[in-house]
Amino acid sequence: MATFLYKLGRFAFRRRHFVALIWVALLTLAGVGAANAPAAGSTSFSIPGTEAQKAFDLLDQRFPGSSSDGATARVVFKAPAGEKMTDKLNKATVEKTVKELADGSEVVSVADPYQANTVNKGGTVAYASVRYEVSGTELKDSSRTALEDAAQQARDAGLTVEVGGDALQTGADAGGAGEAIGLAIAAVVLVITLGSLVAAGLPLLTAVIGVGIGVSTITVLAKALDLGDTTSTLALMIGLAVGIDYALFIVSRYRGELAEGRDREEAVGRAAGTAGSAVVFAGLTVVIALAGLSVVGVPMLTKMGLAAAGTVVVSVLIALTMIPAMLGYAGRRVRAAGEKRRTRAGAARQDKPGLGARWASFVVRRPAAVLLLGVVGLGAVALPATQLELGLPDDSSQPTSTTQRRAYDLLSEGFGPGFNGPLMIVVDAKDSDAPKAAATKVAHEIKSLKDVATVTPAAFNKAGDTATITVVPDSKPSSVQTEDLVHAIRDQGTDVRADTGAQVLVTGTTAMNIDFSQKLNDALVPYLALVVGLAFLLLIAVFRSVLVPLKAALGFLLSVLAALGAVVAVFQWGWLGGLLGVEQTGPIMSMMPIFMVGVVFGLAMDYEVFLVTRMREAYVHGETPGQAVVTGFRHSARVVAAAAIIMISVFGGFITSSESMIKMIGFGLAIAVFFDAFVVRMAIVPAVLALLGRSAWWLPKWLDRLLPNVDVEGEGLRTLSDDAGRDDEDRELVRA
């Protein structure tokens, strides 16, 4: 590996024009494709293998033309104080609004509140349901404008009017100004770490090119592969972070090689062969973690993971080829590490141990105390994770300034907290001798259950073999009581099928959320086993050790549990919520734990590889285990800390997003990187290695014979570089 990358780095350095042209051409091609790509259609959300999805598919078959995928809107009206919605003037205003809504070109139907009986018992709140023939993301701007104008005219007439549903849904924003601030912080960190604007600009430039290619490709494929806005945002988030970090590691190693007196081409080759090898294996762990999301069995999550993994692959390839090419263009403007300090203060100043080496020496002297403090501290932060509640965001998680959230609150006030999460009961009576009797029995049985507010009469399809029943719970959609009701209806359906032959299925948004959370919980252990197992085998080959990869995996579990605890404290309990712009607390997004496990595991292994590889290199070259730890920190602590700060800055920029899911992911990844880089890798890892001593690098002889020699330390480069030097001399003689 090191030998191949050494040759690749030197080739890219010498043929810099060709390499740069290739990447610029790919970026141009992807950009043109994205600009001319057809607009993405509706992003379908399905959970194969669940009862809710089975019922949803059955509805599409038995109720054709129902536009179940179309956008919906609930226009909610509230009468002024002391008045009722049934008053003549208010009723006329609502009927006029309904008529205007029905004139929309994409509207399928509008349910008049007075004909559909959607006025609450007190007569103070009513709503009109609007169904469209296309999804919320496909709605024309003119349709949204017409919806908002109709609501505004009713407001002008004296009513309180708000609009809920997904008809006003627009694409998710990324990080906005926060993302720009994050990149600015990353640029400052790069300048401080690499010592010049030119050196700092290279990682930013190559990361932007990599992300540009990745995100543009996703845009090109969005319609064909049904990729949503969140897929691009995730690829942008991960691609920027790893793209900057991978380039930083190679540029930093290049400056170190220059400081040892090597010429620029040789320094590029060695940087690509050593730091580049670490980049390849670190990138592989990220790709494994992201692609491993496929085992969950949720198409949306699979697409997100594979798209982000593809962007990471592009980032790795750019770091290995374009960075050497750009270093060739930069020439002497990228200086050797410590050159300014040597010029100003002499060589004696350069020999003084840096902060990283001093910290490592302290940890090696007191490993037990540092280990105990790190583990106890992360354990305390992880405690809130024991109270984790999972769910999917709905209008209740929107900021109170939005009309969707205000509509949600009005409906809860007028019809009860469970009204915003109705359950759709599908009675498949195709095999029943008496379909109507079976549906009536189901409705009667459900009425007798606890926590049921309303049960509507059964509505049959044209064939008369399938019925739908709407059940409104007493409790809010995300409550434990509503989840218990879903399970109770399903348990009852088993008895009904035995008596009548009819199958009872529960679906609807609330049931889908419950099934989604359960599916993710069930998949977490297999996912962990797959991802951690594959990465464990990979790290055994990299470090030629069993205990070092084991320690890396256990440290990761500590950091991810602490990050989940922090997410619960902020987004579920509301701690520091005002500071981070969290306007509404609630359950944690269902995919957050498994998603965080996947992404954070890959990023955690990045720091493990970059930091411990230098320790392994020092140990292989004859240093004692304690000295190797200090040497590893002397060479890598500064750049790993800079890389972590850059990742935290990039992820933190997405906290400013108005999209609750993006905000939660940004915060979760940022805090997880902080815990893993500065507590686990910078404190717990050296403490454990110091306690283990030589045992840390133990590997059974039989396993050592089986493993391939990946040579991340670049041991094979010594002979190769000597041969290359002689070949260069021979070529010069021939030319002469």
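The values are calculated or read from the model by the stated rules, or taken from the named source; none is laboratory data. Only a predicted model underlies this, so the values are computations on that prediction, with no experimental measurement involved. Note: ideal-geometry Cβ built from the backbone for every residue, glycine included; neighbour counts use all protein chains shown.
Just checking, does region 517-528 include any residue being charged (D, E, K, R) and assigned by TED's automatic domain parsing to the domain that holds Gly598? So far as region 517-528 goes, no, none of its residues is charged (D, E, K, R) and assigned by TED's automatic domain parsing to the domain that holds Gly598.
Residues in region 410-442 that are without any contact (Cβ under 8 Å) to a residue 40 or more places away in the chain and either in contact with a Cys (Cβ under 9 Å, 6 or more places away or on another chain) or part of a helix (DSSP H, G or I) (or both): Lys436, Thr440.
Residues checked against (1) closer than 24 Å to Met304 by Cβ; (2) at pLDDT below 85; (3) not assigned by TED's automatic domain parsing to the domain that holds Ala552:
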position: Phe595; (1), (2), (3): yes, yes, no
position: Phe601; (1), (2), (3): yes, yes, no
position: Glu608; (1), (2), (3): no, yes, no
position: Met615; (1), (2), (3): no, no, no
position: Gly626; (1), (2), (3): no, no, no
position: Val630; (1), (2), (3): no, no, no
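On the stretch given as region 216-228, residues that are of a type in the set (Val, Ile, Thr) and closer than 14 Å to Ala309 by Cβ total 2.
Per the listing Ile671, Ile646, the residue uniquely modelled with pLDDT under 90 and assigned to a helix (DSSP H, G or I) is Ile646. Name the single residue, out of those in region 302-313 being in contact (Cβ under 8 Å) with a residue 24 or more places away in the chain and surrounded by fewer than 24 Cβ atoms within 10 Å (Cβ to Cβ), that is farthest from Ala241 (Cα to Cα). Out of the qualifying residues, it is Lys303. In summary, Tyr127 fulfils each of the numbered conditions (1) closer than 17 Å to Thr403 by Cβ; (2) modelled with pLDDT of 85 or more; (3) surrounded by fewer than 22 Cβ atoms within 10 Å (Cβ to Cβ); (4) not β-branched (Val, Ile, Thr) with the single exception of condition (3). Just one of the listed residues (Lys54, Lys91, Lys99, Lys84) is outside any strand (DSSP E or B), of a type outside the set (A, V, I, L, M) and touching a Gly at 6+ places or on another chain (Cβ under 8 Å), namely Lys84. If the condition is being of a type in the set (A, V, I, L, M, F, W, C) and either surrounded by fewer than 22 Cβ atoms within 10 Å (Cβ to Cβ) or at positive phi (or both), then region 8-18 contributes Leu8, Phe11, Phe18.
Taking strands (runs of 3 or more DSSP E) that fall entirely within region 443-507, which contain at least 3 residues that are in contact (Cβ under 8 Å) with a residue 40 or more places away in the chain and over 21 Å from Phe415 (Cβ atoms)? Fully inside region 443-507 and qualifying: 503-507.
Of all the numbered requirements in (1) part of a helix (DSSP H, G or I); (2) surrounded by fewer than 23 Cβ atoms within 10 Å (Cβ to Cβ), Ala247 misses one, and that requirement is (2). From the list Leu485, Leu554, Leu534, the lone residue that is farther than 30 Å from Asp395 by Cα, outside the structural domain of Gly283 (by TED's automatic domain parsing) and modelled with pLDDT of 85 or more is Leu554.
Could you please let me know if Leu293 is in contact with a Gly (Cβ under 6 Å, 6 or more places away or on another chain), of a type in the set (A, V, I, L, M) and part of a helix (DSSP H, G or I)? Here the answer is yes, as Leu293 does meet what is asked. Remark: Phe77 falls outside the filter, which requires a residue to be at pLDDT below 90 and either surrounded by 16 or more Cβ atoms within 10 Å (Cβ to Cβ) or within 21 Å of Asn420 (Cβ to Cβ) (or both). Answer yes if at least one residue in region 374-386 is in contact with a strand residue (DSSP E or B) (Cβ under 7 Å, 6 or more places away or on another chain) and surrounded by 15 or more Cβ atoms within 10 Å (Cβ to Cβ), and no otherwise. No, region 374-386 contains no residue that is in contact with a strand residue (DSSP E or B) (Cβ under 7 Å, 6 or more places away or on another chain) and surrounded by 15 or more Cβ atoms within 10 Å (Cβ to Cβ). I need every pair where a residue in region 21-39 that is loosely packed, with under 12 Cβ neighbours inside 10 Å has its Cβ under 8 Å from the Cβ of a residue that is at pLDDT below 90, sequence separation at least 6 or different chains. As it stands, the answer is Pro38/Lys223; Ala39/Glu138; Ala39/Lys223, since those pairs meet every condition given.
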